[in-house]
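Engineer: Mind having a look at this structure? Questions to follow.
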Amino acid sequence: MKEPTIQFPVTCPLCRNEALGEFPVAEVAEALLARTTPLQLRSRCHDQHWTAKPDELDQIREYLGAWLTALPDPKSRVERG
């Protein structure tokens, strides 16, 4: 099974261009919850790499919260036999 991913906007620190980045949910959750592993962001336009700053992590936390809220409730799944 493929690892779940989440997309959120990433802003290039050089040109301020915004593009969607896609990251494994587990990697994002680890960076937000444990804060032991920094989340590395990348801009496609200038191939810049940097560690997500606190304000970026706050925005990513909001996206992750919305992503988790949008997941279907496993209790509401209909079993097919």
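Derivation of every value follows stated rules applied to the coordinates shown; laboratory data play no part. Here the structure is a predicted model, which means the values were calculated and not measured.
Engineer: Counting only helical runs of four or more DSSP H residues, what would the 222 nm mean residue ellipticity of the chain come to if each run contributes -39,500 (n - 2.57) and the total is spread over all its residues?
Structural biologist: -10000 deg cm²/dmol
Engineer: The chain: Rg/Rh from Cα coordinates, Kirkwood Rh?
Structural biologist: Checking Rg against Rh, the ratio lands at 1.07.
Engineer: So, one more: Relative to the longest principal axis of the C-alpha atoms of the chain, give the angle of the C-alpha long axis of helix 54-70, reported between 0 and 90° and rounded to the nearest 10°.
Structural biologist: Helix 54-70 sits roughly 20 degrees off the main axis of the chain.
Engineer: Next question, about the same structure. Could you tell me the relative contact order of the chain? Use alpha-carbon pairs under 8 Å, at least six residues apart, and round to a whole percent.
Structural biologist: 23
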